[in-house]
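Heads up: the structure comes next, in structure tokens.
The values are calculated or read from the model by the stated rules, or taken from the named source; none is laboratory data. Predicted model only: the values in this text are computed from it and were never measured. Because the Cβ atoms are built from the backbone with ideal geometry, glycine has one as well, and the counts that use them run over all protein chains shown.
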Amino acid sequence: LKVVKAYRYLGRDEEALDLIAQALARDENVSGTDRPFDDADENLNWLYNELAYILVGQGDVEGGINTFRKAIAFGESGEDNVSQVINLSFILMFEGRYEEAEDLLSIVGNASEFGRMFALAIEVCAAHEAGETEHMTEVLDEMKAHRFDNYSALQFALACVEDEEASAELLIERLSQPDYQDQAFMSLHTIRKTGVHQRRQKDILEFLDLVHQRPDVVAAAASIGRVLDLPVYSFYWGDI
């Protein structure tokens, strides 16, 4: 699984796909103690997760969506699958399929506070798209009150509604806090975006680039370190 992720981050999709195919072929139609991987029950859903992201990155969005659904069906460590439900909901949202995304999230009953914040981010994006300003503001206020549970989710929601001032203020706040600045600083590094095909995803990434280039954000980042141009290709919405 780690090698597959490494291939994907390096843009070596075909090698990742080949490795996934080999792993799935070995595990297919095998059960119990005969299974070739003793961690299959814990990681098979994550292997499908990687496959889904590769397919979406190659432009096969429907193939990616169907693969995410397979991952969800496997569950997550013997329990309901929360991680892939959230991941798929973002893919659906990027496609403009907000109602499907919200319906999917409604089945998640045991999400952590971290996961719940991502679900609220989807709700904000859907309300913004529908012009439901009052509801959008209410959910954003709730997210702001619980931002320490998941700063990235709030950063995403603010990008979704294109609130540049609030986005910059939040990013600077994160950069100023030792317990949270690592991920915020990492999000400033530039990556290759050749695998971004979905319209809303493109819009959000372009907005984030604009925020990252603001003089106040650049100054806050410079007080920590040097922003790099990284030769990696994988974008994950949870890393912003």
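The residues listed here are L208, L154; of these, the one that is in contact with a helix residue (DSSP H, G or I) (Cβ under 6 Å, 6 or more places away or on another chain), free of Cβ contacts under 8 Å to residues at least 60 places away in the same chain, under 26 Å from Q58 (Cβ atoms) and not in a loop (DSSP other than H, G, I, E, B) is L208. Do we find that T67 is out of contact with any Asp or Glu (no Cβ under 8 Å at 6 or more places or on another chain), modelled with pLDDT under 90 and in a helix (DSSP H, G or I) in this structure? It is false that T67 is out of contact with any Asp or Glu (no Cβ under 8 Å at 6 or more places or on another chain), modelled with pLDDT under 90 and in a helix (DSSP H, G or I).
Of the residues that make up region 111-131, is at least one in contact with a Ser or Thr (Cβ under 6 Å, 6 or more places away or on another chain) and either under 19 Å from W237 (Cβ atoms) or crowded, with 22+ Cβ neighbours inside 10 Å (or both)? Yes: region 111-131 contains one or more residues that are in contact with a Ser or Thr (Cβ under 6 Å, 6 or more places away or on another chain) and either under 19 Å from W237 (Cβ atoms) or crowded, with 22+ Cβ neighbours inside 10 Å (or both).
Here K202 meets the list (1) exposed (fewer than 14 other Cβ atoms within 10 Å of the Cβ); (2) among the basic types (K, R); (3) modelled with pLDDT of 90 or more almost entirely, failing just condition (3). Tell me, please, whether a residue that is touching an Asp or Glu at 6+ places or on another chain (Cβ under 9 Å), touching a residue at least 40 places away in the same chain (Cβ under 8 Å) and under 21 Å from E100 (Cα atoms) can be found in region 160-172. Yes; the residues of region 160-172 include at least one that is touching an Asp or Glu at 6+ places or on another chain (Cβ under 9 Å), touching a residue at least 40 places away in the same chain (Cβ under 8 Å) and under 21 Å from E100 (Cα atoms).
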